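Student: The following block contains the structure, expressed as structure tokens.
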Amino acid sequence: MSLPQTLAAARPIDGGFSATIPENWMQGRTSYGGFSAAMALAAAQRLVPDLPPLRSATINFVGPLAGEVEVRARLLRQGRNASWISAEVTSAAGVGLTATFVFMGPVVSSTLHLHNLPAPAGVIAAADAAPFPEGRGPTFAAQFDRRFAMQKSADKQPELTWWVRLQDTDGLDPMVALLLIADALPPGVMPLMEAWSPVSSMTWLINLLTPLPQTTDGWYLVRAAGNYAEKGCSSQDMAIWNADGTAVAVGMQSIAIFG
């Protein structure tokens, strides 16, 4: 099942909905983090009508999520320009994810205009990029089209840059779809790892740079660049551009590496 199908089959509950996480969205023993975060955002959007655009999200991956889950949202504050909504995804095992979403409308600024986040140099256009071999990656990876956006370097660097496209976006809010795509890469330090090890995202901050994500043919350029890895804890910067090279989101993530 796709995310649109999962949301369509969800059952209303007080403050949100209950749903079943499909097996094809699993990553080991837990739901793919982008899937759980996207469900939390969907619950937040349903809570308050006519919300302004999403501008920021802070997400904590607390524990594993699988099978039947409940997704609830709560309004923290609604001001003239901005609204804060918290969301929580729980299963029989307890809390699996908490999130705080900030929605904010435009504010007139007469002097401050800054948008300086160019795409990495040397990016291969999505139409020309080589696709991933079929069957590679975790279970949820089959829900995306993925292509290598950079030429393979002889020097291993703690960064990954891929083209990613969600296969089923039917009726899906563009922000929910973007959040689903934004976590699709392995940790940026993966190229430096001598052997495969289990990994688990712990915290994720993402700031949206557009009120309405748009791209060509569904392709987004996603980059994860590790800047620290020590004693099982890794930190990385993240960014997303559309097919025209316009930045649409930036973020930072903390990841546990068990090996």
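Please treat every number below as a calculation from the coordinates, not as lab data. Just so it is clear, the structure is predicted and the values come from calculations on it, not from any experiment. For neighbour counting, all protein chains shown are included, and Cβ atoms are generated from backbone atoms with ideal geometry for every residue, glycine included.
Student: Using Cβ counts within 10 Å as a stand-in for footprinting exposure, how do MET190, MET175 rank, fewest first? Walk me through the intermediate numbers first.
Tutor: Details: MET190 20, MET175 24.
Listed from fewest to most nearby Cβ atoms, that is MET190, MET175.
Student: As a footprinting exposure proxy, order ASP155, ASP145, ASP128 by other Cβ within 10 Å, with the fewest listed first. Numbers along the way, then the final one.
Tutor: Working: ASP155 5, ASP145 17, ASP128 8.
In increasing order of surrounding Cβ atoms, one gets ASP155, ASP128, ASP145.
Student: Here's another thing I want to ask about it. Dividing the alpha-carbon Rg of segment 182-254 by 2.2 N^0.38 Å yields what?
Tutor: That ratio works out to 1.20.
Student: Can you order the peptides 1-9, 35-43, 237-245 by their average number of other Cβ atoms within 10 Å per residue, highest first?
Tutor: Details: 1-9: 16.9, 35-43: 26.6, 237-245: 18.6.
In descending order of packing, they fall as 35-43, 237-245, 1-9.
Student: Can you put LEU221, LEU47, LEU209 in order, fewest other beta carbons within 10 Å first? Could you put the intermediate results ahead of the total?
Tutor: On the way: LEU221 28, LEU47 19, LEU209 16.
Ranking LEU221, LEU47, LEU209 by Cβ neighbours within 10 Å, fewest first, gives LEU209, LEU47, LEU221.
Student: Output the Cα-based Rg and Dmax of the chain in Å, rounding Rg to one decimal and Dmax to a whole number.
Tutor: Computed over the Cα atoms of the chain, radius of gyration and Dmax are 17.9, 54 Å.
Student: Sticking with this one: What is the local net charge at ALA127, summed over the other residues whose Cβ is closer than 10 Å to its Cβ (Lys, Arg +1; Asp, Glu -1)?
Tutor: Details: positive: ARG147; negative: ASP128, ASP217.
In short, -1.
Student: With the alpha-carbon atoms as the only input, what is the per residue convex hull volume for segment 42-173 in Å³?
Tutor: Details: hull volume 25.9 nm³, N = 132.
Measuring per residue, one finds 197 Å³ for the Cα hull of segment 42-173.
Student: While we're looking at this one, here's another question. Could you tell me the distance between the Cα centroids of segment 34-50 and segment 80-100, to the nearest Å?
Tutor: Taking the Cα centre of each part, segment 34-50 and segment 80-100 sit 9 Å apart.
Student: Using the alpha-carbon centroid of each, what span in Å lies between segment 106-140 and segment 159-207?
Tutor: 12 Å
Student: Which net charge results when you count Lys and Arg as +1 and Asp and Glu as -1 among the other residues whose beta-carbon is under 13 Å from that of PRO22? All intermediate terms of the calculation are to be shown ahead of the outcome.
Tutor: Working: positive: none; negative: GLU23, GLU68, ASP168.
Here the count lands on -3.
Student: Moving on to the next point. Please compute the contact order of segment 42-184 in relative form: average sequence separation of alpha-carbon pairs under 8 Å and at least six residues apart, divided by the residue count, as a percent.
Tutor: After rounding, I find 18 percent.
Student: Rounded to the nearest 500, what is the chain's calculated 222 nm mean residue ellipticity when only DSSP H runs of at least 4 contribute -39500 (n - 2.57) each, over all residues? Each step should come with its number before you reach the end.
Tutor: Values: 3 runs with 30 residues, N = 259.
Computed ellipticity for the chain at 222 nm equals -3500 deg cm²/dmol.
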